[in-house]
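Colleague: Handing you a structure now.
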Amino acid sequence: MEIAIFESVVIESALIELEAESKKYDGLYVDMDKAPERKYVKDKAALIAGLKKKVDRVRIDSAKDYKCEVESQALAIQARLDDANSNFQILIDDYAADRKVILDAEKARKQAIFDAEELENKHEIGLLMNDKYELDKIKAQQEKIEHEEKIKIEAIKAQKEQAEHDRITAEQRAAADKQALIDVEANAKLAAQQAEQRRLNDIETAKQGEIARVAEQRKFDEEEAQRKANDLNHVKQINNEALTDLIGLGLSENNAKAVISAIAKKQISHITINY
């Protein structure tokens with residue numbers, strides 16, 4: 001079968017070489033405990049596994065355009081690779097099985113030794129416990145007496161310590177109450193001082209605010225008066241210029257003033273003065 005689609009991964013001659021190499025190991029005994037021989041077998045198996053992954057990758061990538069042909073070629077190549085790998089895999093599996101038997105036997109041997117030692121230790125402990133029982137009984141009675149005496153001593157000591165603790169606590173409480181009273185008085189005095197200072201600050205703030213308001217109002221009044229004076233001067237100037245022009249046209253001064261006054265009062269239709 002043609003494998004043109006997969007030539008980027010594996011070629012026919014490489015497959016033939018792998019198949020031929022595998023047939024050399026068909027029924028052949030290999031000492032897998034020897035590192036070089038074991039490495040050779042594992043390397044060949046790893047090479048074939050790697051080629052299978054690459055073929056599968058090409059099969060997936062090319063499936064859209066060559067689905068039927070790709071699947072057919074991929075299956076054929078993988079079947080040949082599986083066949084080529086079978087002898088190597090058998091050697092690896094047999095080696096793994098042999099190693100498991102050896103390791104399981106070693107584990108069972110160590111467990112048997114441990115169990116025997118454990119049984120011997122329990123027997124020796126049982127003999128020792130019989131001799132130790134009476135000694136422990138006497139020791140326990142002595143320890144009980146010593147414990148009771150210790151409890152009495154500790155009880156007396158605890159009473160003294162509690163009495164001392166109560167005295168110190170009472171003194172500390174009295175000192176704390178005294179300090180609390182001092183703190184209350186100091187806080188009240190400080191609060192009164194702060195309240196008075198706030199009152200004075202409020203008075204000063206109001207005073208400064210009134211000064212600022214009066215100054216602002218004075219400034220506004222002065223600016224308003226100046227604006228009105230400027231407007232009046234402007235009106236005067238315009239009127240004087242108009243008066244001069246009317247006199248120049250032959251009107252008397254009084255008649256010219258009357259005309260300007262009438263125009264300013266809007267007593268003459270359609271005529272205004274631009275100020």
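Colleague: Using only Cα atoms, tell me the angle between helix 253-264 and the longest principal axis of the chain; keep it within 0 to 90° and round to the nearest 10.
Modeller: 30
Colleague: Semi-axes of the equivalent ellipsoid of segment 164-206: what are they in whole Å, largest first, if each equals the square root of 5 times a C-alpha gyration tensor eigenvalue?
Modeller: Gyration-tensor ellipsoid for segment 164-206: 41, 5, 4 Å.
Colleague: Determine the equivalent ellipsoid of segment 134-220 by diagonalising the alpha-carbon gyration tensor, then write out the semi-axes as square roots of 5 times the eigenvalues, largest first, rounded to whole Å.
Modeller: Equivalent-ellipsoid dimensions as semi-axes: 79, 16, 4 Å.
Colleague: Continuing with the same structure: How many angstrom separate the Cα center of segment 148-220 from the Cα center of segment 236-275?
Modeller: First find each Cα centre; the distance between them is then 84 Å.
Colleague: Mind giving me the nanometre distance, one decimal, between the label points for ALA176 and ILE16, set 7 Å out from Cα along Cα→Cβ?
Modeller: Using points 7 Å along Cα→Cβ, the separation is 10.2 nm.
Colleague: Step through the residues of segment 102-108 one at a time and calculate ³J(HN,Hα) from phi using the Karplus curve (6.51 cos²θ - 1.76 cosθ + 1.60, θ = phi - 60°), rounding each to whole Hz and writing x for Gly and Pro.
Modeller: 4, 5, 5, 5, 5, 5, 5
Colleague: If neighbour count is taken as other Cβ atoms inside 10 Å, put VAL184, VAL259 in order from fewest to most.
Modeller: If I rank by nearby Cβ atoms, fewest first, I get VAL184, VAL259.
Colleague: With unit charges on the beta carbons (Lys and Arg positive, Asp and Glu negative) and the dipole taken about the Cα centre of the chain, which residue among VAL58, ASN121, GLN141 sits farthest to the positive side?
Modeller: Value computed over the given set: VAL58.
Colleague: If you fit an axis through the alpha-carbon atoms of helix 12-23 and take the longest principal axis of the Cα set of the chain, what angle between them do you get, 0 to 90°, nearest 10?
Modeller: Between helix and principal axis, roughly 40 degrees.
Colleague: If R₀ is 41 angstrom, what is the calculated FRET efficiency for the pair ALA195 and PHE220, using the beta carbon separation as r and rounding to 0.05?
Modeller: That gives a FRET efficiency of 0.65.
Colleague: Size of segment 169-275 along its principal axes in angstrom, Cα-based, largest extent first?
Modeller: 117, 21, 14
Colleague: On average over all directions, what projected area in square nanometres does the chain have, based on the convex hull of its Cα atoms?
Modeller: 62.2
Colleague: Residue separation times 0.36 nm, minus the C-alpha to C-alpha distance between THR205 and GLU154: what's the value?
Modeller: Using 0.36 nm per residue and subtracting the Cα-Cα distance, I get 11.2 nm.
Colleague: So, one more: Read phi for every residue in segment 239-250 and hand back ³J(HN,Hα) as whole Hz from Karplus 6.51 cos²θ - 1.76 cosθ + 1.60, θ = phi - 60°, with x for Gly and Pro.
Modeller: Result, rounded to whole Hz: 5, 5, 5, 5, 4, 4, 5, 5, 4, x, 7, x.
Bear in mind these aren't lab numbers, they're just calculated from the coordinates by the rules spelled out. Not measured: the values here are computed from a predicted model. Note that we place each Cβ from the backbone using ideal geometry, even for glycine, and neighbour counts take in every protein chain shown.
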